[in-house]
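Input: a single structure, listed below in structure tokens.
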Amino acid sequence: MKTRKLRLRSRSFDVGRKTLVMGILNVTPDSFSGDGIYRKPSHAVSNALKMMQEGADIIDVGGESTKPGSDPVSAQEEIRRIMPVINGLVKAGVPVSVDTYKPEVAREALDADVEMVNDVTGLRNEKMAELVSDYKAGIVIMHMNGEPKTMQQNPVYRKGVVKEVRGFFVSRIRAAEQAGIRPENIVIDPGIGFGKTIEHNLDLIRNLSSFKDLKLPILVGPSRKSFIGKVLDLPADQRLEGTIAAVVASVMNGADIIRVHDVRECSRAAKLTDAIVKGAVN
């Protein structure tokens with residue numbers, strides 16, 4: 001079984017041996033899936049520790065909603081929301097990723113010893129690339145068509161979504177490496193639900209292998225997304241089965257990391273899929 005190292009600040013993961021699981025920890029009052037935990041940081045920390053017990057490899061902490069139609073919040077407000085939780089998780093020894101596109105927020109989190117930055121804007125801000133390089137942190141380069149406020153208003157890919165997303169990755173990976181970020185620190189994410197129609201999302205999951213020649217770990221985050229709700233005609237709190245199906249399809253088509261809310265169920269599904277696809281029984 002061919003593996004490679006994903007290197008973060010103080011630890012590394014073997015990519016390819018098994019699917020890694022990133023647990024979602026939203027500390028926003030308006031999470032689209034109703035899972036925001038923001039009144040008491042201790043509740044968020046307890047929830048993250050539970051996710052680690054259920055199979056998460058890293059916890060992704062976010063303090064700003066990026067759901068379709070959402071408005072941005074200030075860096076100060078984002079920092080206020082996330083830092084008590086991040087400090088608690090780091091103290092407990094949990095590997096933490098910070099879900100932010102603001103360099104000032106990322107710096108606060110990196111100073112608190114988070115391992116990775118998950119940037120939904122794919123390093124559009126050059127300061128973010130420089131920051132990640134300086135801290136030798138991991139980085140998730142995600143594709144998003146437009147901005148959260150308007151990204152779902154008739155998204156169009158004239159050359160085809162897979163081809164355009166791949167071209168975006170080639171460009172942003174080059175920019176990351178020019179900023180000093182090492183290839184072994186980079187993860188790519190096609191951005192399911194971020195400026196994509198139902199058909200775009202399904203096409204990306206179906207064609208994840210198109211990104212394999214970039215030789216970087218592929219992260220997919222289908223958890224409770226609206227395309228599942230539209231296909232199954234279900235609200236966000238009833239999309240577990242659809243999420244599991246999307247996770248299984250993603251792993252079978254080349255995903256190395258899954259980003260999910262329902263860690264126990266999705267990690268079990270990924271483990272069995274790994275056994276089928278990779279022969280990874282243990």
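The values are calculated or read from the model by the stated rules, or taken from the named source; none is laboratory data. Predicted model, so just to flag it, every value in this text is computed and none were measured. When we count neighbours, we look across all protein chains shown, and the Cβ atoms used for this are built from the backbone with ideal geometry, even at glycine.
Cβ-Cβ distances below 7 Å connect the following pairs, each with a first residue in segment 123-140 that is without any contact (Cβ under 8 Å) to a residue 40 or more places away in the chain and closer than 22 Å to Met22 by Cβ, a second residue that is among the acidic types (Asp, Glu) and surrounded by 15 or more Cβ atoms within 10 Å (Cβ to Cβ), and a separation of six or more residues or different chains: Met128/Asp119.
Among residues of segment 1-26 that are farther than 18 Å from Val90 by Cβ and free of Cβ contacts under 8 Å to residues at least 12 places away in the same chain, those with a Cβ under 7 angstrom from a residue that is of a type outside the set (Lys, Arg) and exposed (fewer than 15 other Cβ atoms within 10 Å of the Cβ), sequence gap 6+ or separate chain, pair up as Asp14/Thr3. Yes or no: segment 206-218 includes at least one residue that is surrounded by 22 or more Cβ atoms within 10 Å (Cβ to Cβ) and over 23 Å from Asn185 (Cα atoms). Checked against the condition, which is being surrounded by 22 or more Cβ atoms within 10 Å (Cβ to Cβ) and over 23 Å from Asn185 (Cα atoms), segment 206-218 yields no hits at all. Restricting attention to segment 245-273, the residues that are closer than 20 Å to Val187 by Cα and among the hydroxyl-bearing types (Ser, Thr, Tyr) add up to 2.
Taking helices (runs of 4 or more DSSP H) as the structural unit, no element lying wholly within segment 187-282 holds at least 2 residues that are aromatic (Phe, Trp, Tyr), at pLDDT below 95 and more than 25 Å from Ile59 (Cβ to Cβ). Among the residues of segment 198-235, the ones that are in contact with a Pro (Cβ under 8 Å, 6 or more places away or on another chain) and aliphatic (A, V, I, L, M) come to 7 in all.
Residue-by-condition table, conditions (1) surrounded by fewer than 24 Cβ atoms within 10 Å (Cβ to Cβ); (2) assigned to a loop (DSSP other than H, G, I, E, B); (3) modelled with pLDDT of 95 or more; (4) in contact with a Lys or Arg (Cβ under 6 Å, 6 or more places away or on another chain):
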position	(1), (2), (3), (4)
Ile82	no, no, yes, no
Ile86	no, no, yes, no
Val90	yes, no, yes, no
Val94	yes, yes, yes, no
Ser97	no, no, yes, no
Val105	no, no, yes, no
Val117	no, no, yes, no
Gly122	no, yes, yes, yes
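Inspection of segment 159-175 identifies no residue that is surrounded by 20 or more Cβ atoms within 10 Å (Cβ to Cβ), in a loop (DSSP other than H, G, I, E, B) and either within 16 Å of the chain's Cα centre (by Cα) or modelled with pLDDT under 95 (or both).
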